[in-house]
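Worksheet: one structure, shown below.
The values are calculated or read from the model by the stated rules, or taken from the named source; none is laboratory data. Note that the structure is a prediction, hence the values are computed from the model and not measured. Using ideal geometry, Cβ is built from the backbone for each residue, glycine included, and neighbour counts are taken over all protein chains shown.
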Amino acid sequence: MDEDKYRSVYKEMNPTRCYFEKLLLLRYGNCEQAKKLFLAEREAYACDSATAQQQCFRLLEYLRSNSRFSLQVTQIDGPLPHAKEIKVQAGGLFGLQQLLGDQNVTQTDILNDDAKFGEQSQQQAPIENVYATINDAVTQYKELNSIPYNEIVKTIMNFKLPERKRKQKR
């Protein structure tokens with residue numbers, strides 16, 4: 001299946017896509033509102049709630065906007081390149097979860113030292129529930145724009161994806 005065809009079928013099958021899909025696909029978190037879909041041997045996530053989807057979208061926009069400087073991006077008009085988007089999604093939610101739990105937001109070890117890229121199970125995901133974490137933030141700070149993003153940007157900045165093991169040339 002060519003990529004253009006895949007994207008058009010994806011949009012038809014998944015009109016309420018999850019905005020934290022990359023985080024969920026890499027098994028860095030779970031969400032009570034996410035529903036897994038399969039299309040052309042690929043996984044995708046849809047959101048079961050339009051309200052939750054909009055709340056996640058607004059948070060993601062705030063995270064992207066506030067992390068522009070640390071990501072060395074001058075303008076953000078949508079999704080970032082893959083690695084930077086992962087930093088924003090995983091690092092941002094991990095930082096928010098730490099902030100809500102009064103933990104040190106500079107601690108960014110999301111994976112165990114022995115974990116390999118993409119092998120972390122959902123039971124050990126550092127973000128227990130994306131939707132609940134965002135709701136807790138709204139409860140504590142009253143509005144998404146009142147969250148101290150300058151603290152969360154520290155975890156975004158320090159978040160590192162595990163290095164892929166490259167095949168050695170013979």
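Annotations
- When residues in region 70-84 are screened for being without any contact (Cβ under 8 Å) to a residue 24 or more places away in the chain and either part of a loop (DSSP other than H, G, I, E, B) or in contact with a His (Cβ under 7 Å, 6 or more places away or on another chain) (or both), 10 of them pass.
- Test for Lys142: is it modelled with pLDDT of 75 or more and either surrounded by 13 or more Cβ atoms within 10 Å (Cβ to Cβ) or of a type outside the set (Lys, Arg) (or both): no
- Scanning region 1-10 for residues that are surrounded by 10 or more Cβ atoms within 10 Å (Cβ to Cβ) and either at positive phi or out of contact with any strand residue (DSSP E or B) (no Cβ under 8 Å at 6 or more places or on another chain) (or both) yields a count of 4.
- Condition check for Gly29: at pLDDT 80 or above, closer than 21 Å to Val138 by Cα, in contact with a strand residue (DSSP E or B) (Cβ under 9 Å, 6 or more places away or on another chain) and crowded, with 20+ Cβ neighbours inside 10 Å: yes
- For region 7-33, residues that are under 22 Å from the mean Cα position of the chain (by Cα) and in a helix (DSSP H, G or I) total 9.
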